[in-house]
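Accompanying notes for the structure given below.
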Amino acid sequence: MLFKKKKIERRVSLEKKVLDSILSYCQMRHPNEGILILKGKSKQGNIMIDGLVIPPFNYSGPTFAGFPHSFLPFDMSYVGTVHSHSSGSAEPSVTDLHNFFGLVSIIVQSPYGDNDVFAWDSSGNPVPVSIV
Ligand SMILES: [Zn+2]
């Protein structure tokens with residue numbers, strides 16, 4: 001049945017080495033925002049992230065970061081994006097939700113520590129993150 005009412009809890013498992021790369025990339029881009037594509041796989045709502053891709057032709061400033069989706073190859077291992085918020089708030093902006101890509105959007109807030117990482121679904125609901 002297509003509409004069987006079994007709510008799958010979405011969650012994110014982030015490899016520690018990927019987290020470290022994300023944090024240093026965000027620090028490097030500060031005070032601008034940085035954006036990266038998350039690579040991994042999704043199984044029963046668990047999104048496992050094991051790699052990163054720098055998007056081609058990405059652009060960013062102090063309050064925005066993005067990339068033209070039309071330049072991306074179709075790749076099933078692209079599960080979402082991560083970008084930084086140099087403002088210090090990890091809440092997704094309206095623009096972030098409009099430009100949602102993939103299954104999950106991770107936002108890292110300044111000062112980009114291990115506890116500054118938050119994941120969101122396409123409706124702006126928080127998704128729990130565990131470091132593996
Ligand atoms: Zn944003």
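Any read-out appearing in this document is the output of simple, stated calculations on the displayed coordinates, not a laboratory observation. These numbers were taken from a predicted model, which means no experiment stands behind them. Glycine gets a Cβ as well: all are built from the backbone with ideal geometry, and neighbour counts include every protein chain shown.
Descriptive notes on the structure:
- Of residues in region 92-101 being assigned to a loop (DSSP other than H, G, I, E, B) and either free of Cβ contacts under 8 Å to residues at least 24 places away in the same chain or more than 10 Å from the ligand (Cβ to nearest atom) (or both), the one farthest from residue 58 (Cα to Cα): 93
- Search result, residues across region 102-123 that are more than 11 Å from the ligand (Cβ to nearest atom) and either of a type in the set (Ser, Thr, Tyr) or touching a Phe, Trp or Tyr at 6+ places or on another chain (Cβ under 9 Å) (or both): 102, 104, 110, 112, 121, 122, 123
- Complete set of residues in region 35-74 that are free of Cβ contacts under 8 Å to residues at least 12 places away in the same chain and either within 20 Å of residue 126 (Cα to Cα) or within 16 Å of the ligand (Cβ to nearest atom) (or both): 43, 59
- Looking only at residues of region 36-68 that are of a type in the set (Phe, Trp, Tyr) and part of a loop (DSSP other than H, G, I, E, B), we find that the one that is surrounded by the fewest Cβ atoms within 10 Å (Cβ to Cβ) is 57.
- Checking residue 80 against (1) surrounded by 15 or more Cβ atoms within 10 Å (Cβ to Cβ); (2) over 23 Å from residue 28 (Cα atoms), the condition it does not meet: (2)
- One residue alone among 110, 105 is within 21 Å of residue 18 (Cβ to Cβ), surrounded by 13 or more Cβ atoms within 10 Å (Cβ to Cβ), in contact (Cβ under 8 Å) with a residue 12 or more places away in the chain and more than 13 Å from the chain's Cα centre (by Cα), and that residue is 110.
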